[in-house]
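Any read-out appearing in this document is the output of simple, stated calculations on the displayed coordinates, not a laboratory observation. Computed from a prediction, not measured in an experiment: that's the story for all the values here. Every residue, glycine as well, gets a Cβ built from its backbone with ideal geometry; the counts of neighbours run over all protein chains shown.
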Amino acid sequence: MNPLQTELQRLYLAPEGLVRALVLELARPADWGLLSPVWRGLQADLALPAPAVMVSGVDGYQLWLSLAEPVPLAEAAAFLEALRRYYLAEVAPQRIRLTPSLAALASQPALPVPSQQLATGYWSAFVAPDLAPIFAAEPWLDQPPSPEAQASVLAGLQPIKAAAFAAALARLRSVAPTKRPSEPLGDVPSSAPVVMKERLAPKPFYWQWCRTRRWRWACGLRRPRRFCRMLRANRQAGCSWSNHRRNGPAPTLSPAPGAPDCR
């Protein structure tokens, strides 16, 4: 048994007729900007462990929730449906797939071994949440992921304990989705979950990730070092390159001796 199989059994394996894996998929198209509030809300609003994030290999993202103790399919389906109604009520139903679902209680998610999809030829895979935005246009891998890398993504995840799952289900059922999670709460009753007020849109989140990991070169935004040195020298001399570009040379500015002249 390889490390990936060990992690899959630890998190998702359940006896027949019960389930420990709850899957919420958003597809057609994949949109991490819509799904990320669900990922954050599970932790911030419902005090649950973070779910695993998977790219489907076709056209969507999936959240894989793990339960510490198996539950009946109907109870798992009710939780996913309540989660959908609260966080994704304004998303077209045909874009969302729940497993198990109230419409098909007989369906039970198989162990999510990354596999090649017949429809596209690409591979599904678990991904780190901070890397999820870069898969929005292409939610797949071109090559099969290594079992060791997939196991490392799952190693830090913890299953949801039975008491926490019951409390979260009761809380979701008691709150009507009167506002989108990205909007301010306003006069929502105190029994409602505290929704995160800050939401990073996909593009700003991506640029933040790029800056943090020094990947600006991959986006074609890396400036030549000589140009950066010139800008620094201009700033020290009191000459603004941006003002020069927008308004033309400032008539009263004179660069310091030895500094490049930007006028």
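Fully extended, how many nm does the chain gain between S115 and Q94 (0.36 nm per residue separation, minus their Cα-Cα distance)?
5.2 nm
With N set to the number of residues, divide the alpha-carbon radius of gyration of the stretch 1-61 by 2.2 N^0.38 Å and report two decimals.
Rounded to two decimals, the normalised Rg is 1.30.
Quick check: residue separation of S152 and T6 times 0.36 nm, minus the Cα distance between them. What number comes out in nm? Let's see the in-between values first.
Numbers: separation 146, 0.36 × 146 = 52.56 nm, distance 1.12 nm.
Stretched out fully, the S152 to T6 stretch lengthens by 51.4 nm.
Restricting to DSSP loop positions (anything but H, G, I, E, B) with no more than 10 other Cβ atoms inside 10 Å of their own Cβ, which GluC sites (Glu not before Pro) remain in the stretch 80-160?
In loop regions of the stretch 80-160 (DSSP not H, G, I, E or B), the sparsely surrounded GluC sites (Glu not before Pro) are E90.
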